[in-house]
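Presented below is the structure to which this report refers.
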Amino acid sequence: MTTLPAATPAYLVSLNDPQRRAVEALDGPVLVLAGAGTGKTRVLTTRLVHLLSLRKAWPSQILAVTFTNKAAREMRDRLERVIGGATEGLWLGTFHALAARILRRHAEIAGLTSSFTILDSDDQVRLVKQLMQAAGIDDKRWAPRGVLGVIERWKDRGLTPDRIDAGEVVAAVGGDYAGGRMAMLYRAYQERLKALNAADFGDLLLHNLTIFLTRPEILADYQDRFHYLLVDEYQDTNIAQYLWLRLLAQTRRNICCVGDDDQSIYGWRGAEVGNILKFEHDFPGAEIIRLEQNYRSTPEILAAAAHLIAHNRGRLGKTLWTAAGTGEPIRLRGIWDGEQEARFVADEIEQAGRNGIKLSEVAVLVRAGFQTREFEERFIAIGLPYRVIGGPRFYERQEIRDAMAYFRLIQRPEDDLAFERIVNTPRRGIGPTTLQTLHSLGRDREIPLMEATRLLVGSDELRPAARKALEGLLRDFDRWRAESASLNHTELAKIVLDESGYTAMWQADKTPEAPGRLENLRELIVAMAEFETLVGFLEHVSLVMDNAAEAGAESVTVMTLHAAKGLEFDLVYLPGWEEGVFPNQRALDETGERGLEEERRLAYVGITRARKRATISYAANRRIHGQWQNALPSRFIDELPATGVERDVEAGLYGNATSRGFTHFPEAVSGGFNRFSRPAGFAETPVARTSFTKPGTFAVGARVFHDKFGAGSVTRAEDGKLTILFDHAGEKKVMESFVRKAGS
């Protein structure tokens, strides 16, 4: 082994001091806490270059783990540009790719052959469905994807069927799903995979763990083989990945993990932030190196992000700084409602474009997918090109297309494409043979599929089960069509989605995507309420879809905060910072303080995506499930620093509120709500008052009146915010300035 030559290599010269320390600390465990925009990938790649240049190890003796194939390709490309073709033999790839490579060498120990197949998600769902049917488990009540989701969570935790059977899993991890028969399904699923000589993605690591723990000589061989381990995005590892790495690193302990505990935002898919927090405990004597010089954002952006994330207790701590000069303050905008928020953002982006900012350097980052709808419609209305990253446009999403197909069939029974889409969605036992029979009759008689269905259900040409299902579907559509003459179209839409079983289908689905799909369906109802008739709404959607197809390449990016990690833009808009939206209420309900801290890390990620300017906005009112509700600003707003943030709330928006987060806002003008044009239908369900009270007016037990919720009693009063048990609306949290003494 050679030592560093006297002349400093060129690849080290451009590094700052902490980066260089992270590259040169080759021996022993090292944790590199790399803040946003601090050159993490550069450090990881340069460390690889340094190891190979010093000949501390051959490429085949280095294990470098990334989280995505894209990251692995980029790292390999950088390596080859610096050191040429010396990377041959390097174990560089994702957890799954590297684990599959090991498993193919020792497949027989896991009951497989080396030619085993890795199943995709569709094959997995099909297999689970077969097992459920064999076990007599109703796959309409318990969605196969939900069963698969529980199995995947167990595998993420490194749990084999034997450990499930031994009682090492609790209902909170999904053991009570499928009528409490999940352990049996898991065992049957694993046995069937072995019979098929197949594995799913979770098996790749799970089988590796089994091999390492049951065959110590094989584990020792890999521990001896890998002289150095490098791990990217360590904060995103799940328990199985963590155990795999810890086993491989135990002998030589030359493991370098790069990550940021402040950017651990994937708990919903198994990531454990605790893995990075306990690194020093797992590897005593580990060196901790903090990369804190940011090369992306302005001082104001970094200060706001740092002040916010400091409210998390579960973190190792670091302070980002930049040598860049003073920039624009973080901008905070309080706006009347969601529609006006979309107008504000669209107008600003248009102006930025006129000022020479490329649209590709502008992003709108939302907490949940349903929030994109208002922005998409506004962008289309003004001809502003945009693209949705990490998912389809709102009206292109599966659940929206399905729902629209139902609505189209009510309006136009001859819409064969819509009929084909929903005839077996949710599943009604209508298979390809039945559909082929319907198509044949339709072609022969030159009639629509729904009319062909009416003819066939009166014959004996269909199986009894299919005939019964189609008769029920026809009755449903006849009833809905009749009700459409008297019901409001939004009420009709809710009835259709419920009575068809479509809403229940997603409620039963336990995959991580299901709650978002339900939110999108609720947002669809909100969108429909903006139109007088179902016909008008359907025509609007057709025009939206047509316009969307014409969008140019230079476009605004719209995406969720989760999808934005690792990206950066000159201008970033962060809308919807309201309690219940962000932080997300479901995250708080399901995981409490842990969920709140992950939501705060998500806010930190959002702010640090901005290079030059970040704009946070929130609305005083949101239409939720078709009803206007007053919204409280996110608690994260009050966690921003007092300096470096430009606060601007529209006069009268929150009265004279001085609760947390409002002390910096200009005092409201009495009757200021008259300055705003109210949303259509707002008068039916008002959310604001025209006379305001001072904070501290109402004590616990006081009787109050709210224009929307009616009379109630105060059960808690804190910082200008009241918790009130209303006589008819139940318990609600409202701003004190929105209520008055009962009887006044």
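No value in this document is a laboratory result; all are computed from the given coordinates. This one's a predicted model, so the numbers in the text were calculated from it and none came from an experiment. Note that each Cβ is placed from the backbone with ideal geometry, even for glycine, and that neighbours are counted across all protein chains shown.
Quick notes on this structure:
- Shape category assigned to segment 586-642 from the gyration tensor of Cα positions, a/c cut at 1.5: oblate
- Put simply, the amide H of residue 578, placed in the peptide plane, has neighbours under 5 Å in 634, leaving out anything fewer than 5 places away on its chain.
- Alpha-carbon Debye profile of the chain, log10 I(q)/I(0) at 0.05, 0.06, 0.07 Å⁻¹: -0.31, -0.45, -0.61
- DSSP finds beta bridges in the chain, and of those with both partners inside it, around 30 percent are antiparallel.
- Equivalent ellipsoid dimensions for segment 263-406 as semi-axes, Å, which come from the Cα gyration tensor, largest first: 36, 24, 13
- Its relative contact order, with pairs defined as Cα atoms under 8 Å and 6+ residues apart, puts segment 111-251 at 30 percent.
- Sequence-ordered 3J(HN,Hα) estimates for segment 584-595 from the Karplus curve with 6.51, -1.76 and 1.60 and θ = phi - 60° stand at 5, 5, 5, 5, 5, 5, 7, 10, x, 4, 4, x Hz, glycine and proline given as x.
- Base-10 log of normalised Debye intensity for segment 391-445 (one unit scatterer per alpha-carbon) at q = 0.23, 0.26, 0.28, 0.30 Å⁻¹: -0.95, -1.07, -1.12, -1.17
- When the C-alpha to C-alpha distance is required to be over 31 Å, the pairs from 278/565; 358/494; 358/565 that qualify are 358/494.
- Near residue 291, the amide H atoms lying under 5 Å from its own belong to 33, 34, 35; only residues 5 or more places off or on other chains count, and H is placed 1.01 Å from N.
- The chain, helix-only ellipticity at 222 nm - DSSP H runs n ≥ 4, -39,500 (n - 2.57), divided by all residues, nearest 500: -13500 deg cm²/dmol
- Taking packing as the residue-averaged number of other Cβ atoms within 10 angstrom, the listed peptides 300-308, 71-79 run from highest to lowest as 300-308, 71-79.
- In terms of distances greater than 30 angstrom between alpha carbons, the cross-link table entries 129/155; 129/468; 70/612; 56/612 yield 56/612.
- Per residue, the convex hull volume that the Cα atoms of segment 448-487 enclose (Å³): 58
- Relative contact order for the chain: 14 percent, from Cα pairs under 8 Å spaced at least 6 residues apart, divided by residue count.
- By the compact-protein rule of thumb, 2.2 N^0.38 Å, the alpha-carbon radius of gyration of segment 268-333 corresponds to a ratio of 1.41.
- Under 18 Å from the Cα of residue 721 - lysines, other chains or at least 8 residues apart: 694, 708, 732, 733, 741
- Rh by Kirkwood over Cα pairs, then Stokes-Einstein D for segment 20-85 at 0.692 mPa s and 37 °C, µm²/s: 260
- Here the Karplus curve 6.51 cos²θ - 1.76 cosθ + 1.60, taken at θ = phi - 60°, turns the phi angles of segment 10-17 into couplings of 4, 6, 9, 4, 7, 7, 7, 4 Hz, with x standing for Gly and Pro.
- Dividing the mean sequence gap of close Cα pairs (under 8 Å, 6+ apart) by how many residues segment 376-486 holds gives a relative contact order of 20 percent.
- Each residue of segment 55-211 gets 131 Å³ once the volume of the Cα convex hull is shared out per residue.
- Take 125-134, 241-250 and order them by the average number of nearby Cβ atoms within 10 Å per residue, most first; the result is 241-250, 125-134.
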